[in-house]
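Asks: One structure coming up, written as structure tokens, with questions to follow.
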Amino acid sequence: MNLGCPSCPDLDTLGDVVYDAGMLISLADKRPGTALIRHREFARNGLPVVPAPVIAQAWRGGATRAHLARALKECAVVSCYTETEWRRVGELIGRADRAGRAGLLAKKRPDPVDGLVALTAVQIGAALVATSDPEAIQAYLDQIPGADVVVPVRV
């Protein structure tokens, strides 16, 4: 990540959790309940990190997204990924696809944003990924050296 760019958050403000689309969709619910409680818990350790493409997966506009809009104000949205990082995501997809042909990823389409979430978590030293699909995130984490310290947590 090019965290030195003007639009990216200050490294000192980043928390130890990365959100995927499942967390944002839960926060966007008319009654976010548990997701909002979890978000507040996660935010105690710094700003939860949201890779910008995750917002595109979850955002549908309208008044029903008021909870999500408020929650995003309490997050660090990262949008400055390099071409090299996007290539790494492509490589992650390829390795996870080969490793999972008989398993989870054989039943799903490869998701570059899930790969980016996993890569971001490792790059910032996050402890958790808040997700609705921990198995998919784990499939990508399994392909990244040093990712064994990151735990996908179901929301």
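Asks: Full extension from ARG44 to SER79: what is 0.36 nm times the residue separation minus their Cα-Cα distance, to one decimal in nm?
Replies: Answer, rounded to one decimal: 10.3 nm.
Asks: Compute the accessible area per residue over the chain, keeping the other protein chains in place, probe 1.4 Å, unit Å². Walk me through the numbers before you get to the answer.
Replies: Working: 7900 Å² over 155 residues.
Accessible area per residue: 51 Å².
Asks: Rounded to the nearest 500, what is the 222 nm mean residue ellipticity of the chain from helices alone, with -39500 (n - 2.57) per DSSP H run of 4+ residues and division by all residues?
Replies: Rounded to the nearest 500, it is -13500 deg cm²/dmol.
Asks: Roughly how many percent of the accessible protein surface of the chain is carbon and sulfur, given a 1.4 Å probe and a whole-percent answer?
Replies: The computed percentage sits at 53.
Asks: How charged is the neighbourhood of ALA118? Take every other residue with its Cβ under 11 Å from the Cβ of ALA118, and add Lys/Arg as +1 and Asp/Glu as -1.
Replies: -3
Asks: Now for a separate question. How much of the calculated P(r) for the stretch 27-83 lies past 18 Å, in percent of all Cα pairs?
Replies: Result for the distance tail: 34 percent.
Asks: Please state the relative contact order of the chain as a whole percent: Cα pairs under 8 Å, 6+ residues apart?
Replies: Working: 259 pairs, mean separation 45.2, N = 155.
That works out to 29 percent.
Asks: Could you tell me the calculated FRET efficiency between THR34 and ARG95, based on Cβ-Cβ distance and R0 = 22 angstrom, to the nearest 0.05?
Replies: Details: r = 33 Å, r/R0 = 1.51.
Efficiency, from the Cβ-Cβ distance: 0.10.
The values are calculated or read from the model by the stated rules, or taken from the named source; none is laboratory data. Given the structure is predicted, the values throughout are model-derived calculations rather than measurements. Every residue, glycine among them, receives a Cβ derived from its backbone with ideal geometry; neighbour counts consider all protein chains shown. Note: accessible area is taken over every heavy atom of the protein model, side chains too, but ligands, DNA and RNA are not part of it. Shrake-Rupley method; radii C 1.70, N 1.55, O 1.52, S 1.80 Å.
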